[in-house]
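*Asks:* Quick one: this structure, given as structure tokens, is what I'll be asking you about.
The values are calculated or read from the model by the stated rules, or taken from the named source; none is laboratory data. In this text the structure is predicted, and so the values were computed from the model without any measurement. In this analysis, Cβ positions are derived from the backbone assuming ideal geometry, glycine residues included, and neighbour counts consider all displayed protein chains.
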Ligand SMILES: [Zn+2]
């Protein structure tokens, strides 16, 4: 039994789901509709536009795919339809999963697609009138698909280190507290341009401290675009999981600390291959050609497997399992670590 424990909703809108939503909601943006032929784009056309062509150290190549797909966030109903499809497809692809949502960016995009300037929407209205319905749409999609498939599935709330507006994030935090019982925990995410690609804004650290009593299980994307120092920095916040974290392999001290504190790394092999090809090559060269997942396992770091963003990365969780095996990962340990982590974050054994 294997669960996908690092997967993003925004990267899980398949070409098929987007093509259907485009037709159902009459989306006429050029991505979805060809003005010349007056026809909606096919799945194949959408796949070509939304999938990375190959590896690139420039994260903006990946981010462009995410931004394109968000053009379908034209209403709460459209977001719900896309969410139902994403949960159904993840359920078909896995034995269960965690899906993380970037509520701020989803809400901001909805407002932009509605023709509103989000910065001019007061924080409380931003949170109450827009973010809460989006969150409820995602949660109801989860409940619907969980009831139909009987597979374990949980939602984690992502907060972005892009931190566009403290007051808007803080208001969103108030809404999140009210729905904490339906969420499994918090995540820190976000694509930030160099020089500091994994910053921890003070306001974000304060918001995390305020939310942790309600949502104690914290994961943080770190040691992906930045080195092991980024992991050392966020370990001070006592996360239970680190998204990617493969740069821990640069530092015996960081590895020892992850082992000592029982912090789990969420490793996504295809994501690493596509988003950090140069760093990956360096890490492998320093570890006798071994890929991060087996190398981390040999250092006794707990690791779980994730698909990260299946659509832009052109992958599925089932494919990631095959990749993990081909890379020499110990699947027995991987499954044991997955069960351990699920119990830790949900309080229930699989
Ligand atoms: Zn991620």
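*Asks:* Taking residue 8 and the conditions (1) farther than 30 Å from residue 195 by Cβ; (2) touching a strand residue (DSSP E or B) at 6+ places or on another chain (Cβ under 8 Å); (3) touching a residue at least 60 places away in the same chain (Cβ under 8 Å), which numbered condition does it fall short on, given that it satisfies the others?
*Replies:* Exception for residue 8: condition (1).
*Asks:* May I ask you to list the residues in region 221-239 that are in contact with a helix residue (DSSP H, G or I) (Cβ under 7 Å, 6 or more places away or on another chain), farther than 17 Å from residue 341 by Cβ and either part of a strand (DSSP E or B) or more than 15 Å from the ligand (Cβ to nearest atom) (or both)?
*Replies:* 227, 228, 232, 237
*Asks:* Let me ask another. I need the helices (runs of 4 or more DSSP H) fully contained in region 40-139, keeping only those with at least 3 residues that are crowded, with 23+ Cβ neighbours inside 10 Å, at pLDDT 95 or above and in contact with a helix residue (DSSP H, G or I) (Cβ under 8 Å, 6 or more places away or on another chain).
*Replies:* On the way: elements: 43-50, 59-69, 76-93, 103-113.
Because the criterion is at least 3 residues that are crowded, with 23+ Cβ neighbours inside 10 Å, at pLDDT 95 or above and in contact with a helix residue (DSSP H, G or I) (Cβ under 8 Å, 6 or more places away or on another chain), the helices (runs of 4 or more DSSP H) in region 40-139 that meet it are 76-93, 103-113.
*Asks:* Do we find that residue 287 is surrounded by fewer than 21 Cβ atoms within 10 Å (Cβ to Cβ), within 22 Å of residue 218 (Cα to Cα), in contact (Cβ under 8 Å) with a residue 24 or more places away in the chain and touching a helix residue (DSSP H, G or I) at 6+ places or on another chain (Cβ under 6 Å) in this structure?
*Replies:* Working: surrounded by fewer than 21 Cβ atoms within 10 Å (Cβ to Cβ): yes; within 22 Å of residue 218 (Cα to Cα): no; in contact (Cβ under 8 Å) with a residue 24 or more places away in the chain: yes; touching a helix residue (DSSP H, G or I) at 6+ places or on another chain (Cβ under 6 Å): yes.
In short, no.
*Asks:* So which residues in region 302-340 are within 16 Å of the ligand (Cβ to nearest atom) and either more than 18 Å from residue 271 (Cβ to Cβ) or not in a helix (DSSP H, G or I) (or both)?
*Replies:* Residues satisfying the conditions are 303, 304, 305, 306, 307, 308, 309, 314, 315, 316.
*Asks:* Take region 22-37 and flag every residue that is part of a helix (DSSP H, G or I) and more than 14 Å from residue 68 (Cα to Cα). Spell out how you get there, then give the answer.
*Replies:* Within region 22-37, the subset part of a helix (DSSP H, G or I) is 22-24.
23, 24 - these are the residues of region 22-37 that are part of a helix (DSSP H, G or I) and more than 14 Å from residue 68 (Cα to Cα).
*Asks:* Among what's in region 271-283 and is assigned to a helix (DSSP H, G or I) and buried (at least 18 other Cβ atoms within 10 Å of the Cβ), pick the residue that is farthest from the ligand (Cβ to nearest atom).
*Replies:* 283
*Asks:* Let me ask another. Picking from 144, 164, which residue would you name as being in a loop (DSSP other than H, G, I, E, B), surrounded by fewer than 21 Cβ atoms within 10 Å (Cβ to Cβ), over 15 Å from the mean Cα position of the chain (by Cα) and touching a residue at least 60 places away in the same chain (Cβ under 8 Å)?
*Replies:* 164
Yes/no per residue for (1) over 18 Å from the mean Cα position of the chain (by Cα); (2) at positive phi; (3) surrounded by 21 or more Cβ atoms within 10 Å (Cβ to Cβ):
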{"position": "213", "(1), (2), (3)": "yes, no, no"}
{"position": "219", "(1), (2), (3)": "no, no, yes"}
{"position": "222", "(1), (2), (3)": "no, no, yes"}
{"position": "227", "(1), (2), (3)": "yes, no, no"}
{"position": "231", "(1), (2), (3)": "no, no, yes"}
{"position": "237", "(1), (2), (3)": "yes, no, no"}
{"position": "244", "(1), (2), (3)": "no, yes, yes"}
{"position": "248", "(1), (2), (3)": "yes, no, yes"}
{"position": "256", "(1), (2), (3)": "yes, no, no"}
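*Asks:* I'd like the residue in region 258-270 that is assigned to a helix (DSSP H, G or I) and away from the ligand (no atom under 16 Å from the Cβ) and, out of all such residues, is surrounded by the fewest Cβ atoms within 10 Å (Cβ to Cβ).
*Replies:* So the residue we want is 260.
*Asks:* Evaluate the following for residue 185: is it away from the ligand (no atom under 16 Å from the Cβ) and within 19 Å of the chain's Cα centre (by Cα)? Let's see the steps before the verdict.
*Replies:* Numbers: away from the ligand (no atom under 16 Å from the Cβ): no; within 19 Å of the chain's Cα centre (by Cα): yes.
No.
*Asks:* Kindly check whether there is at least one residue in region 70-90 that is touching a strand residue (DSSP E or B) at 6+ places or on another chain (Cβ under 6 Å), within 16 Å of the ligand (Cβ to nearest atom) and within 28 Å of residue 185 (Cα to Cα).
*Replies:* yes
*Asks:* Next up: Filtering region 1-19 down to residues that are within 11 Å of the ligand (Cβ to nearest atom) and not in a loop (DSSP other than H, G, I, E, B), which residue is farthest from residue 332 (Cα to Cα)?
*Replies:* Applying the filter and picking the extreme gives 8.
*Asks:* A further question follows. When residues of region 26-39 are filtered for being surrounded by 16 or more Cβ atoms within 10 Å (Cβ to Cβ) and either out of contact with any strand residue (DSSP E or B) (no Cβ under 7 Å at 6 or more places or on another chain) or farther than 17 Å from residue 311 by Cβ (or both), how many remain? Full working, then the answer.
*Replies:* Going through region 26-39, the residues surrounded by 16 or more Cβ atoms within 10 Å (Cβ to Cβ) turn out to be 27, 31-33.
Those left that are additionally either out of contact with any strand residue (DSSP E or B) (no Cβ under 7 Å at 6 or more places or on another chain) or farther than 17 Å from residue 311 by Cβ (or both): 31, 33.
The qualifying residues number 2.
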